[in-house]
Amino acid sequence: MNRRPDWERILDLAIEHARSQPFSWSHRNCAIWCADVVHAMTGHDPGATWRNLPDNAWNVRMAVARAGGLARIATDALGPSSPIAMARRGDVVLLAGDGALGICVGRRVAVPGPKGLAFASLEAGEMCWRVG
């Protein structure tokens, strides 16, 4: 999976578009949003099997637990993880604590939330998956 030549513009557009998008357990959760961004940047859809889950927290959390957690889902879709110190812009990041997936945008990680896109410090990351 390689990044498209214009991946930086695509990432910027994805971040801008997501700033005001409402959270949805089935269509706008952290894993699906990351998969959408990776798909736009590379043409590869790592979230194809996870789309259109029922729109409630319990169903999504149960599906993630059955799959072994977000780290296992990301590894199965994107390959082996790397230390967080290796994260670069456009990579997928697992945040420690709340266990959300986001996209590295420099020293911050963009993550969809109830009020649109939120940003966490990259230091809050636990591991990352290189994209392209």
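The values are calculated or read from the model by the stated rules, or taken from the named source; none is laboratory data. Quick caveat: nothing in here was measured; it's all calculated off a predicted structure. With ideal geometry, Cβ positions are generated from the backbone for all residues, glycine too; neighbour counts draw on all protein chains shown. Protein only, heavy atoms only, side chains kept; ligands, DNA and RNA dropped before computing areas. Shrake-Rupley method; radii C 1.70, N 1.55, O 1.52, S 1.80 Å.
Here are a few things to note about the model shown:
- Within the chain, helix-based [θ] at 222 nm, where runs of 4 or more DSSP H residues each add -39,500 (n - 2.57), nearest 500: -10000 deg cm²/dmol
- Comparing mean-square fluctuations of 91, 45, 55 from a GNM of the chain with C-alpha springs under 10 Å, the top value falls on 55.
- For the chain, the relative contact order works out to 29 percent when only alpha carbon pairs closer than 8 Å and six or more residues apart are counted.
- The apolar share of the surface of the chain, taken as the fraction of accessible area on carbon and sulfur atoms (1.4 Å probe, ligands and nucleic acids excluded), comes to 55 percent.
- In this structure, the amide hydrogen of residue 118, modeled 1.01 Å from its nitrogen in the peptide plane, lies closer than 5 angstrom to those of 111, 113, counting only residues at least 5 positions away or on a different chain.
- At full extension, residue 56 and residue 76 could sit 4.8 nm farther apart than now, given 0.36 nm per residue minus the alpha carbon distance.
- Translational diffusion of the stretch 80-132, µm² s⁻¹ [Kirkwood Rh, Cα pairs; Stokes-Einstein; 20 °C; 1.002 mPa s]: 203
- Inter-part distance where the stretch 1-42 and the stretch 54-132 are each reduced to a Cα centre, Å: 12
- Once the C-beta distance of residue 25 and residue 96 is scaled by a Förster radius of 25 Å, the resulting FRET efficiency is 0.70 to the nearest 0.05.
- Extent along principal axes [Cα atoms of the stretch 19-75; Å; largest to smallest]: 29, 28, 16
- Computed over protein heavy atoms with a 1.4 Å probe, the accessible surface of the stretch 11-74 works out to 52 Å² per residue.
- Label point at residue 15 placed 7 Å out along Cα→Cβ; residues across the stretch 95-117 whose backbone nitrogen lies under 20 Å: 95-96, 100-117
- Charge dipole (debye, nearest 20) of the chain; +1 at Cβ of Lys and Arg, -1 at Cβ of Asp and Glu: 20
- Solvent exposure of the stretch 79-132 as accessible area per residue, Å², 1.4 Å probe: 46
- Within the chain, the ratio Rg/Rh, alpha carbon atoms throughout and Rh by Kirkwood, equals 0.92.
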